[in-house]
1. Kindly establish whether SER285 is small (Gly, Ala, Ser), open to solvent by less than 30 Å² (accessible area, probe 1.4 Å), within 18 Å of ILE200 (Cα to Cα) and in contact with a Gly (Cβ under 9 Å, 6 or more places away or on another chain).
2. From the list ALA84, ALA40, ALA11, which one is within 26 Å of HIS197 (Cβ to Cβ) and hydrophobic (A, V, I, L, M, F, W, C)?
3. Hey, among VAL346, VAL326, VAL291, VAL317, which residue is over 32 Å from the mean Cα position of the chain (by Cα) and open to solvent by less than 100 Å² (accessible area, probe 1.4 Å)?
4. Quick check on my filter: what residues within the stretch 462-505 are part of a helix (DSSP H, G or I) and among the aliphatic types (A, V, I, L, M)?
5. Do we find that VAL481 is β-branched (Val, Ile, Thr), under 60 Å from the mean Cα position of the chain (by Cα), away from the ligand (no atom under 16 Å from the Cβ) and open to solvent by less than 60 Å² (accessible area, probe 1.4 Å) in this structure?
6. List the number of the failed condition for ALA505; all other conditions in (1) open to solvent by less than 70 Å² (accessible area, probe 1.4 Å); (2) at pLDDT below 95 hold.
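The values are calculated or read from the model by the stated rules, or taken from the named source; none is laboratory data. Keep in mind that what you see is a predicted model, and the values were worked out from it rather than measured. Backbone-built Cβ (ideal geometry, glycine too); neighbour counts: all protein chains shown. Note: areas computed on protein heavy atoms with side chains; ligands, DNA, RNA excluded. Shrake-Rupley method; radii C 1.70, N 1.55, O 1.52, S 1.80 Å.
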Amino acid sequence: MTSPLRGLSIAVKLPLLIAGLLVVGVAAGVAVTYHTVREAATTATRERLVLVTDQVSGTLTAAATQLRARIRIAARSPAVIAAALHPGVASFRPANAFLRTVKRTDSDVVALELRDRHGVDLLSAGDAAPWSDAGEDSPVLREALARDSVIIGPLRSVASTVIYAVAAPVQAGSTDVGALFGWVRVRSSPDIGRRFHSIIGTGGQVFLGSPRDSVWTDFTARTPAPSAPLTMRPGPFEYDRPGVGATFAMVRTVTGTPWVLLVQSSRDYTPGATARFLRRQLIISGTLLLVLLVGTWFLSRTITHPLTALTTATEAVAAGRFDHRVGTRRRTDELGRLAESFDAMVTEVRMSHERLEARVAERTGELRERNEELEAYGYSLAHDLRAPLRAMQGFSQALLEDYGPRLDDTGRHYAQVVSDSARTMDRMIQDLLSYSRIARSDVTPASVDLRRVVDRARSQVKAASEERSARITVDPELPAVRGHEATLVQVFANLIGNAVKFVPADRVPQVHVSASTDGGRVRVVVEDNGIGIDPKYHERIFRVFERLNGADEFPGTGIGLAIVRKAVEKMGGSVGVESVPGSGSRFRVDLPQACEDANDART
Ligand code: ADP
């Protein structure tokens with residue numbers, strides 16, 4: 001798998017990588033902090049649950065103990081005992097007055113009743129009627145008499161008020177003479193709820209209830225039974241509260257009562273201070289990340305900027321532009337030193353390059369001079385050779401003409417061979433001289449009419465083509481080329497001459513000259529129906545004195561194509577051939593198109 005960063009420049013990759021690492025680092029730091037704070041908050045929640053449960057159950061137990069003590073004292077008062085022992089108007093009045101005093105001291109006590117041993121009502125302080133219907137009071141009474149102590153009953157609810165019963169035996173000596181019975185309200189108000197929330201947070205709840213009777217209160221009002229499992233456990237436990245999720249809870253019985261206390265708080269509840277801390281942490285981390293990212297960008301720029309400059313300079317030097325410099329920009333660190341060394345190296349390379357160029361130019365000049373000397377020497381040598389050759393030719397001819405009749409056949413044949421050889425050699429020297437002339441001449445290119453060139457070339461080979469009854473055709477339209485007219489005439493005279501010459505004797509030579517233009521170049525093709533050329537000789541035939549056929553079959557000196565190539569190259573062109581033996585040949589000459597023609601073609 002290829003990395004998505006592959007192919008990106010370091011200037012992009014470096015800040016991206018550092019930014020990525022920073023984001024991951026900061027995110028990991030925030031996550032760890034968040035986790036730690038949440039853990040701490042959870043531990044604190046559990047601890048607060050235990051604290052609140054202990055405090056509330058302690059308060060309730062103390063209140064129950066006090067209530068029991070007050071009721072016991074009231075049940076033992078002489079006025080109450082007398083009223084139970086001797087029921088009647090005389091005993092009821094002081095007893096009633098006493099019970100009213102007791103009721104007044106505790107606002108939660110809504111009614112007090114004195115009953116006989118069978119539970120029959122003797123007298124009452126406060127109106128107990130609305131409460132008596134709420135549930136049986138006899139079980140509490142029975143238990144109080146049976147256990148001989150003050151008993152607090154389970155919670156009951158009447159309308160929205162939650163109350164409970166309390167009963168104490170009334171004894172004369174050790175004999176039960178009656179019972180004191182009371183209804184007490186569970187104190188509830190929004191204030192109590194607020195106080196709990198201030199301790200366990202707004203996510204917390206405190207419930208008091210009698211599970212068997214499904215009567216519950218949260219100290220502000222009666223509530224439905226909570227969904228927590230009410231099994232007694234020593235510490236807090238976790239359960240899944242419907243609609244809320246993970247919840248911590250703690251259950252306790254209130255000593256001296258049949259009531260159950262439940263305190264609970266959502267596991268995910270984050271107290272205000274913790275939430276504020278996390279929010280602040282997020283803002284600080286975000287700001288820090290932003291500052292770090294900007295810093296990273298600047299830092300990476302200070303590294304990648306000189307690297308980019310170095311890369312550009314290296315590319316410039318690789319492209320041969322030695323004048324390009326990185327520039328140190330007053331940096332003194334490693335990158336500054338690298339740039340400085342690079343610039344020094346480029347200066348050194350440029351100087352070596354210039355020294356080398358100068359030396360090459362000098363050597364080339366020397367070589368050219370030697371070549372010119374050699375060519376001049378060859379030229380004058382060839383020139384000088386022609387004088388003795390002409391003498392040989394003249395004397396052998398004179399020998400044949402003046403002394404021919406006196407020579408026998410062999411003598412005449414020898415004289416003829418000397419004459420022919422001298423002529424061939426003379427032609428070779430002439431060809432060599434014209435090759436040398438072309439090689440040494442400075443061709444000044446001009447616009448040349450190709451049609452006129454071909455016509456002049458044809459007239460130069462007229463004798464040979466008429467001798468072979470050759471059919472030479474030329475394209476009606478020929479473009480103008482850039483070149484030297486006389487030289488081009490020589491080129492095409494050689495090519496057309498060869499095309500007529502290298503055709504088997506029993507075949508009528510057919511030659512066609514055509515031309516086409518392409519991208520400012522003109523391609524002229526001379527095509528024949530001759531003997532063709534084996535592809536392995538396609539290069540060789542353009543060298544001096546390279547001939548593929550014997551002089552008896554096809555006469556020649558082997559210099560014609562060498563002249564063609566040299567002349568065309570001098571005019572900025574090139575030559576080539578396509579041919580296979582027996583299927584004719586296609587010689588092509590590529591030349592620059594004349595400017596005005598090229599412009600016409602473009603418009
Ligand atoms: P020459 O014509 O004097 O022999 P050239 O340099 O003109 O010398 O040609 C070199 C050789 O290339 C020729 O000897 C011949 O073998 C071959 N050649 C040149 N032109 C043709 C052609 N049109 N068809 C076949 N062979 C050719």
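1. Values: small (Gly, Ala, Ser): yes; open to solvent by less than 30 Å² (accessible area, probe 1.4 Å): yes; within 18 Å of ILE200 (Cα to Cα): no; in contact with a Gly (Cβ under 9 Å, 6 or more places away or on another chain): yes.
The answer is no for SER285.
2. ALA40
3. Working: VAL326 fails: over 32 Å from the mean Cα position of the chain (by Cα); VAL291 fails: over 32 Å from the mean Cα position of the chain (by Cα); VAL317 fails: over 32 Å from the mean Cα position of the chain (by Cα).
Sole residue among the options that is over 32 Å from the mean Cα position of the chain (by Cα) and open to solvent by less than 100 Å² (accessible area, probe 1.4 Å): VAL346.
4. Going residue by residue through the stretch 462-505, those that are part of a helix (DSSP H, G or I) are 462-467, 485-501.
Scanning the stretch 462-505 gives ALA463, ALA464, ALA486, LEU488, VAL489, VAL491, ALA493, LEU495, ILE496, ALA499, VAL500.
5. yes
6. Here ALA505 clears every test but (1).
Residues are listed down the side, and each one gets a yes or a no for (1) at pLDDT 90 or above; (2) not acidic (Asp, Glu):
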residue	(1), (2)
GLY327	no, yes
ASP333	no, no
LEU356	yes, yes
GLU375	no, no
LEU381	no, yes
ALA387	no, yes
ARG412	yes, yes
MET428	no, yes
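A quick yes/no check of all residues on (1) without any contact (Cβ under 8 Å) to a residue 40 or more places away in the chain; (2) among the basic types (Lys, Arg):
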{"position": "VAL417", "(1), (2)": "yes, no"}
{"position": "SER441", "(1), (2)": "no, no"}
{"position": "ALA486", "(1), (2)": "yes, no"}
{"position": "ALA499", "(1), (2)": "no, no"}
{"position": "GLY519", "(1), (2)": "yes, no"}
{"position": "ARG523", "(1), (2)": "no, yes"}
